[in-house]
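Take a look at the structure set out below.
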Amino acid sequence: MNPPRTSTRLAATLLVTAAYLALSAVSVGCGGGNDSSSGSTSAVAIFTPDTPVAAEGSITLLPGTKTGASVSVRVTVTQLADFFGAGFRITYDATALLFNGMDDSTSFLRDGVTDPNQLIFIADAANAPGQIVITATRVSPAVPVPLVSTTSDLVILNFVARRAILPLAEEGRLEFVDPKQACDGTVADDDECGDITVTAWEGGGVSAQ
């Protein structure tokens, strides 16, 4: 049995991983683009998940709110035990979608944690167009969430459609890509954070018409 993680090393591991991914990631067929530029369409955007009902043990993108060309996408966790934090990246087409920030105010990681220094939320979209490197974790002495029993929000991602996007079009895709990891707050033999087995990382797509 791995000992409880009693330092900030888990958060540091996730942050180092996130920084590495941000610096080494290669844009995936996005054709360039810059999140700092403006531009949106008058079309109405919606997000359609690949899996409308999240499966047990999964981390799944699900629809949030939508207003005109703006749409929010919930990164949800379902039926995972001892959830301490996660580090992952999501790809998107930066010429079709503008990433407009991350909201962690409703994250289940906040439940029971009163000290903001025991939480880290980072979304880095600056280092590679079309990739968001995300770290969402508790920091010791906070303890893992014993069981995320219902589909719950880890973070919410906000996007704006830059132009019309047909349903199922590749330019609207949001995908989890390797490497990605969820951690339970223990230390594995190689001094990395202990893995949580995630049965599926499910994406989806934005359309705007």
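Any read-out appearing in this document is the output of simple, stated calculations on the displayed coordinates, not a laboratory observation. Bear in mind the structure is a predicted one, so any value in this text is a computation, not a measurement. Please note: Cβ atoms are built from the backbone with ideal geometry, for glycine as well, and neighbour counts cover all protein chains shown.
Miscellaneous remarks
- Scanning residues 5 or more positions from Ala126 or on other chains, none has an amide H under 5 Å from its amide H, with H placed 1.01 Å from N in the peptide plane.
- When the alpha carbon gyration tensor of segment 103-183 is reduced to an equivalent ellipsoid, the three semi-axes, largest first, read 29, 14, 13 Å.
- Net charge of neighbours whose Cβ lies under 12 Å from the Cβ of Leu147, counting Lys and Arg as +1 and Asp and Glu as -1: -4
- Counting charges near Thr65 (Lys, Arg +1; Asp, Glu -1) among other residues having Cβ under 15 Å from its Cβ returns a value of 0.
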